[in-house]
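Engineer: First the structure, then my questions, so here it is.
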Amino acid sequence: MTEAITLVTGFAHLTDLPCISLRHGNATAVISLYGAQLLSYQPSAGREVLWLSPQASWHNGTAIRGGVPICWPWFGPATKAFNPDNIVVPNHGLVRNRLWQLVSKQVSNNGVSVNLQLELNDLPHYSGTARLLLSVTLNDSLSLSLSCHSQIAQQAALHSYFKVGTIDSAVVRPLPSVYQDKVSNSLVNDAEVALKISTEVDRIYPQSASQLRLDSALGALGINQAGHDATVVWNPWQVKSSKMTDMPAEGYQQFVCVETARLTTNANALSVSQQLKPL
Ligand SMILES: O=P(O)(O)OC[C@H]1O[C@H](O)[C@H](O)[C@@H](O)[C@@H]1O
């Protein structure tokens, strides 16, 4: 059988992690129920698209470093709109360290898909229950779609860590010329639409295109986005990488994050997706 969905325990060095394994023809994917985090996507045997830190951990409430973490309902530190009482809350929202539920699955010749759900009734800015759904489909591409129908303030990011072989081989394009630079805390206007990374990069590109591509020593990848209002590109570079306990000192050489994000704080329902396809 070439199409399959299997519950498995463990992925890579995370040997006790509850996961779902997907197969469609020669393509495979692994999703952790902890964080609903895609950890592996291999469009063909041996071609891994995602980077997972060899020092990633999922114990003691830690978010897994690598794959595609889900940031929700806020991105970065929580602002007052999300944390009115200024309580201690984690970076990037509340769902990276929760156990999600597998609610449905489908296997056909056209692809395999699973739906994972998380209900939250402890949002600091909303007293009701919010239901978050992640749909994952594997066929000749890998699609992730995150949605929440509640009319509440909610930001989101599909915070993908892409494996690049060596960082100096990576090029992300096309990117808008104007971006918010979180390293220098300034708005930058740069005519270069193809980004090569040779220093710390932490940039928010508003109104980014729906079709991006990442070229690297490992090949070319199409990154299609929808429902977003920005793309975030991040690489911590040497100094920050060496200070992170869940990343090897040279870890920054091996990945770039290209994150499909919705950063508006308007109270709207949310649906944001990212599709990965080798080119
Ligand atoms: O360490 P984390 O909470 O996973 O955040 C990792 C990074 O995520 C995003 O890319 C942000 O733009 C960065 O500012 C942040 O450092």
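The values are calculated or read from the model by the stated rules, or taken from the named source; none is laboratory data. Keep in mind it's a predicted model, so treat the numbers as computed, not measured. Please note: Cβ atoms are built from the backbone with ideal geometry, for glycine as well, and neighbour counts cover all protein chains shown. These area figures cover heavy atoms from the full protein model, side chains too; ligands, DNA and RNA do not enter into them. Shrake-Rupley method; radii C 1.70, N 1.55, O 1.52, S 1.80 Å.
Engineer: Restricting to region 162-172, and then to whatever is under 18 Å from the mean Cα position of the chain (by Cα) and over 11 Å from Gly219 (Cα atoms), can you tell me which residue is surrounded by the fewest Cβ atoms within 10 Å (Cβ to Cβ)?
Structural biologist: The qualifying residue surrounded by the fewest Cβ atoms within 10 Å (Cβ to Cβ) is Phe162.
Engineer: So is Val89 in a loop (DSSP other than H, G, I, E, B), over 24 Å from Leu214 (Cβ atoms) and modelled with pLDDT of 95 or more or not? Quick ask: steps written out before the conclusion?
Structural biologist: On the way: in a loop (DSSP other than H, G, I, E, B): yes; over 24 Å from Leu214 (Cβ atoms): yes; modelled with pLDDT of 95 or more: yes.
Yes, satisfied.
Engineer: Sticking with this structure for a sec: Do the conditions hold for Trp74, that is, is it more than 11 Å from the ligand (Cβ to nearest atom) and open to solvent by less than 30 Å² (accessible area, probe 1.4 Å)? Talk me through it step by step, then tell me what you get.
Structural biologist: Values: more than 11 Å from the ligand (Cβ to nearest atom): yes; open to solvent by less than 30 Å² (accessible area, probe 1.4 Å): yes.
Yes; evaluated as a whole, the condition is true for this residue.
Engineer: I need the full set of residues from region 156-180 which are closer than 26 Å to Ser40 by Cβ and assigned to a loop (DSSP other than H, G, I, E, B), in order please.
Structural biologist: Start the filter on region 156-180 by keeping residues that are closer than 26 Å to Ser40 by Cβ, which leaves 156-173.
Across region 156-180, the qualifying residues are Val164, Gly165, Thr166, Ala170.
Residue-by-condition table, conditions (1) out of contact with any Asp or Glu (no Cβ under 6 Å at 6 or more places or on another chain); (2) within 15 Å of the ligand (Cβ to nearest atom); (3) part of a strand (DSSP E or B):
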site	(1), (2), (3)
Arg213	yes, no, yes
Asn224	yes, no, yes
Thr231	yes, yes, yes
Ser241	yes, yes, no
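Engineer: State whether one or more residues within region 265-278 are within 11 Å of the ligand (Cβ to nearest atom) and either more than 30 Å from Tyr126 (Cα to Cα) or open to solvent by 10 Å² or more (accessible area, probe 1.4 Å) (or both).
Structural biologist: Restricting attention to region 265-278, the residues satisfying the condition of being within 11 Å of the ligand (Cβ to nearest atom) are none.
No, every residue in region 265-278 fails to be within 11 Å of the ligand (Cβ to nearest atom) and either more than 30 Å from Tyr126 (Cα to Cα) or open to solvent by 10 Å² or more (accessible area, probe 1.4 Å) (or both).
Engineer: Output the residues belonging to region 1-28 that are part of a strand (DSSP E or B) and of a type in the set (Val, Ile, Thr). Walk me through it before giving the result.
Structural biologist: Just the residues of region 1-28 that are part of a strand (DSSP E or B), to begin with: 3-11, 14-24, 27-28.
Those that are part of a strand (DSSP E or B) and of a type in the set (Val, Ile, Thr): Ile5, Thr6, Val8, Thr9, Thr15, Ile20, Thr28.
Here's the yes/no breakdown for (1) within 18 Å of the chain's Cα centre (by Cα); (2) not hydroxyl-bearing (Ser, Thr, Tyr):
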| site | (1), (2) |
| --- | --- |
| Leu187 | no, yes |
| Ala194 | no, yes |
| Asp202 | yes, yes |
| Tyr205 | yes, no |
| Ser208 | yes, no |
| Leu212 | yes, yes |
| Ala220 | no, yes |
